[in-house]
1. Given the criterion in contact (Cβ under 8 Å) with a residue 24 or more places away in the chain, away from ligand 1 (no atom under 16 Å from the Cβ) and buried (at least 18 other Cβ atoms within 10 Å of the Cβ), identify the matching residue among I35, I45.
2. Take the residues of the stretch 239-266 that are open to solvent by 20 Å² or more (accessible area, probe 1.4 Å) and within 16 Å of ligand 1 (Cβ to nearest atom): which is farthest from L58 (Cα to Cα)?
3. Would you mind stating whether F240 is closer than 30 Å to A119 by Cα and touching a Gly at 6+ places or on another chain (Cβ under 8 Å)?
4. Kindly provide the set of residues from the stretch 78-103 that are within 10 Å of ligand 1 (Cβ to nearest atom) and farther than 16 Å from F261 by Cβ, ordered by number.
5. Tell me, which residue of the stretch 132-151 that is touching a residue at least 60 places away in the same chain (Cβ under 8 Å), within 13 Å of ligand 1 (Cβ to nearest atom) and open to solvent by less than 50 Å² (accessible area, probe 1.4 Å) is farthest from A119 (Cα to Cα)?
6. Give N369, N391, N363 a once-over and let me know the one that is more than 23 Å from the chain's Cα centre (by Cα), modelled with pLDDT of 95 or more and part of a strand (DSSP E or B).
7. Specify which of the listed residues (P218, P161) is over 30 Å from A123 (Cα atoms) and modelled with pLDDT under 95.
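The values are calculated or read from the model by the stated rules, or taken from the named source; none is laboratory data. Model, not experiment: these values are computed from the prediction. In this analysis, Cβ positions are derived from the backbone assuming ideal geometry, glycine residues included, and neighbour counts consider all displayed protein chains. Calculation scope for accessible area: heavy atoms of the full protein, side chains included, ligands and nucleic acids excluded. Shrake-Rupley method; radii C 1.70, N 1.55, O 1.52, S 1.80 Å.
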Amino acid sequence: QGTNMDPVLNFVQKHYAAPNPKYFGKAQGKNIIIIHLESFQQFLIGSKIKNQEVTPFLNSLYHDNNTLAFENFFHEVGQGKTSDAETMLETSLFGLPEGSFFTSLGSNNTFQAAPAILAQKQAYTSAVFHGNIGSFWSRDTVYKNMGYNYFFDQKAYQQTPDSNTYWGSKDKLLFAESIKYLEQLQQPFYTKFLTVTNHNPYELSASDVGDFQKPDTPNNMVNNYFATAHYLDEAVHEFFNYLKDSGLYDNSVVILYGDHFGLNEGDEKDLAPLLGQDPNNWTAFNHTSLQRVPFMIHMPKLKGGIQKQYGGEIDVLPTLMHLVGIDTKPYIYMGTDLLSPSHDQNVVFRNRSFITPQYTVLNSNGHFNIYQNSTGTLIDQPTAQIKQKINRIARVKNQQLDLSDKINKTNLLRFYTPPEFRPVNPADYNYQNQFQ
Ligand code: GP9
Ligand code: MN
């Protein structure tokens with residue numbers, strides 16, 4: 001064990017959040033189905049355009065008694081966008097400060113990722129379903145290092161003149177054509193579905209837009225975003241129907257999350273009126289608030305409810321591990337279980353700004369602008385007490401990012417093997433002849 005690992009181990013042990021006995025093991029033995037909602041922001045949930053609900057199915061899921069629905073959950077991606085979200089969800093380590101961890105280091109680094117841990121501890125089979133080409137973000141090599149058994153990429157889906165948008169198979173086709181593979185997987189399985197249709201520039205044929213009436217702002221990116229989000233909602237609804245028809249629904253936990261923002265900061269002034277806000281009073285606080293994305297855990301018989309605690313993508317894996325009954329103590333995770341009473345609610349963004357349940361703390365050239373979350377106002381003269389509190393949190397958050405970067409940039413996990421963990425050999429995986 002290299003001495004470089006010591007600061008990492010100290011941090012992880014100090015910040016470990018023990019499982020909540022109310023939830024530990026509640027999903028043990030269940031199939032895990034992760035639905036990646038591309039570019040999907042939380043403000044879409046419950047929003048209405050011209051009297052139409054934009055995402056009626058996801059709205060119903062959000063309020064379902066069997067859904068834990070988080071209303072203060074933030075994306076934490078950097079330039080690696082989708083791939084950063086995947087890095088966090090599979091490893092509870094952050095993406096890099098610049099570029100994409102997947103494409104720069106993911107093909108060579110040592111991983112102790114979710115598929116391998118679930119396979120070794122609880123005999124899970126794992127698979128990814130994605131309608132884009134397999135080499136995008138180097139997924140076809142990174143997934144082998146993670147221990148994914150199967151990767152169904154664009155080749156697995158029918159290609160017709162009408163089947164794709166720029167980013168690959170349309171979501172409704174992805175789900176419709178994946179179910180036959182899903183039904184054949186050895187159970188329990190750990191799977192994720194990476195959707196693509198709700199991706200910038202949000203193009204969609206008139207027939208796929210259907211009856212949905214887009215908003216009429218002067219900004220077509222904004223108008224089209226609502227239409228593709230509506231389409232994604234219908235696609236997820238259809239997928240739930242397939243799951244119910246196949247019987248898989250009854251023994252599965254479904255996790256849905258938005259990977260990152262869809263509308264850029266420059267589009268927010270055109271969005272603001274649709275959210276009932278004055279575009280002339282739009283602030284950096286408003287922009288940060290919009291970085292909320294959905295995070296929902298849905299399972300038959302789960303005791304659900306709207307969750308107010310703050311958290312982010314880095315916290316998903318420890319939450320999931322505890323739900324299936326695997327204690328996270330031996331693993332190098334930067335996040336903590338959202339359902340644990342000792343969960344760390346301070347959420348750090350990749351640019352080192354952060355948000356706490358009370359304050360939004362925005363880093364501008366090394367200086368902090370502190371906003372009060374309850375009012376959205378900038379605190380002009382923070383008291384010594386507030387400053388001290390903010391500085392204390394900033395130190396921990398900087399350490400969290402720095403240690404994560406050190407692990408990834410210097411491939412530190414090769415010097416630490418968790419107890420009972422067998423290192424993954426990527427040569428054991430081959431995605432060439434996995435479907436007939
Ligand atoms: C590409 C898709 C989009 O396969 O996952 O990635 P993004 O552009 O959002 O990072
Ligand atoms: Mn994305």
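1. Numbers: I35 fails: away from ligand 1 (no atom under 16 Å from the Cβ).
Just one listed residue meets the conditions, I45.
2. Here the answer is N264.
3. Working: closer than 30 Å to A119 by Cα: yes; touching a Gly at 6+ places or on another chain (Cβ under 8 Å): no.
When the stated conditions are applied, F240 does not pass them.
4. Of the stretch 78-103, the ones within 10 Å of ligand 1 (Cβ to nearest atom) are 79-86, 100, 102.
Listed by number, the residues that qualify are E86, S100, F102.
5. N132
6. N369
7. After applying the criteria, what remains is P161.
Yes or no, residue by residue, for (1) touching a helix residue (DSSP H, G or I) at 6+ places or on another chain (Cβ under 9 Å); (2) exposed (fewer than 14 other Cβ atoms within 10 Å of the Cβ); (3) not hydrophobic (A, V, I, L, M, F, W, C):
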position: L362; (1), (2), (3): yes, no, no
position: G366; (1), (2), (3): no, yes, yes
position: I393; (1), (2), (3): no, no, no
position: I407; (1), (2), (3): yes, no, no
position: T410; (1), (2), (3): no, no, yes
position: F421; (1), (2), (3): yes, no, no
